[in-house]
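The block underneath contains the structure these notes are about, expressed in structure tokens.
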Amino acid sequence: MIKKILVTGHKGFIGKNLFSFLKKNNYQVTGYNYNKSIFPDISSFDIVIHLGAISSTTENNIEKY
């Protein structure tokens, strides 16, 4: 049985709706948005759903991608 789910990009359109759906259906869900210095310990989750992305079409810094 799935116990803990991590959703990256949970503040974006798709992530927000998925996060809300999972919470409403009683999953133990945690959201994560990119932070250069803090990363979640994914070994403590049963499933990681990666939806985080840089959606800017004007970003020129290739290192960010």
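For the chain, please report how many Lys pairs fall under 21 Å Cα to Cα, leaving out neighbours fewer than 8 apart on the same chain.
For the chain, qualifying lysine pairs total 12.
With a probe of 1.4 Å, find how much accessible area the chain has per residue, and write the answer as a whole number in Å². Kindly include the intermediate steps, with their values, before the conclusion.
Working: 5360 Å² over 65 residues.
Ligands and nucleic acids excluded, the result is 82 Å² per residue.
Dipole of the chain, Cα-centred, from +1 at each Lys and Arg C-beta and -1 at each Asp and Glu C-beta, to the nearest 20 debye?
Once rounded to the nearest 20, the dipole reads 300 debye.
Could you order the peptides 3-13, 39-49 from most to least packed, using the average number of other C-beta atoms within 10 Å per residue?
So the order, starting with the most tightly packed, is 3-13, 39-49.
Nearest 10 degrees, 0 to 90: what angle lies between the long axis of helix 13-24 and the longest principal axis of the chain (Cα atoms)?
It works out to around 10 degrees.
Carbon and sulfur together cover what percent of the accessible area of the chain at a 1.4 Å probe radius?
56 percent
So for the chain, considering every pair of alpha-carbon atoms, how many percent are separated by more than 16 Å?
Result: 50 percent of Cα pairs exceed 16 Å.
Calculate how many DSSP beta bridges within the chain are antiparallel, expressed in % of all such bridges and rounded to the nearest 5.
Numbers: 0 of 9 bridges.
Restricted to the chain, the bridges split so that about 0 percent are antiparallel.
The values are calculated or read from the model by the stated rules, or taken from the named source; none is laboratory data. All values derive from a computational prediction rather than experimental measurement. When we count neighbours, we look across all protein chains shown, and the Cβ atoms used for this are built from the backbone with ideal geometry, even at glycine. Ligands, DNA and RNA are stripped out before the accessible areas are found, and what is left, the full protein with its side chains, is counted by its heavy atoms. Shrake-Rupley method; radii C 1.70, N 1.55, O 1.52, S 1.80 Å.
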